[in-house]
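Reading through the structure tokens given below for one structure.
Taken together, the values in this text are just the output of simple stated rules run on the coordinates, not laboratory data. This one's a predicted model, so the numbers in the text were calculated from it and none came from an experiment. Reconstructed Cβ throughout: ideal geometry from the backbone, glycine too, with neighbour counts over all protein chains shown.
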Amino acid sequence: MIRQGMLCLHCSDKECKDRGTDAEPIEIECVACNGTGCDECKDGVYRVDGCPNQYCSGLAQFVELVDLFDEGLPPVAGGALDQSASFIEASRRFKIEEQRAKAERK
């Protein structure tokens, strides 16, 4: 959602202005169950009660690697994400969700 421009539109490097709170959390539909509820989420959504960029920071390297993979530069043995089968599956799922987010914006 951050890459799709739906979060952090008004934020700067110094200040988060799209911060979720306990009273008004940012809710993102769970991709594992499509919002029906499962062991991965609570009631079909993930709640972000803080800065969305900080919440998603663990995915930053993965997203960069997916972009490089799409350009024909896969991770190499001994380098980042040496588990090629899991990386390819995760990359495929990420791209599907990215396309879904783009479609929902239209």
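Data table
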| quantity | calculated |
| --- | --- |
| Rounded tilt (10° steps) of 60-70 against the dominant C-alpha axis of the chain | 50 degrees |
| Rel. contact order, % - alpha carbon contacts under 8 angstrom, at least six apart, the chain | 21 percent |
| Extension gain (nm, one decimal) between Glu29 and Arg105, 0.36 nm per residue minus Cα-Cα | 25.9 nm |
| GluC sites (Glu not before Pro) restricted to DSSP loop in the range 23-74 with at most 12 other C-beta within 10 Å | Glu40, Glu71 |
| Three-way shape label, the range 10-62, alpha-carbon gyration tensor, a/c 1.5 | oblate |
| Relative contact order (%) - the range 1-55, alpha-carbon pairs under 8 angstrom, separation at least six | 34 percent |
| Lysines whose Cα lies under 26 Å from that of Lys42, excluding same-chain neighbours fewer than 8 positions away | Lys17, Lys95, Lys102 |
| For the chain, cysteines whose Cβ has no other cysteine Cβ within reach (under 4.7 Å) | Cys56 |
| In nm, spacing of pseudo-spin labels at Asp67 and Ile96 (7 Å Cα→C-beta vector) | 2.4 nm |
| For q = 0.17, 0.19, 0.25 Å⁻¹, Debye-computed log10 I/I(0) when each Cα of the range 11-106 counts as one equal scatterer | -0.97, -1.12, -1.29 |
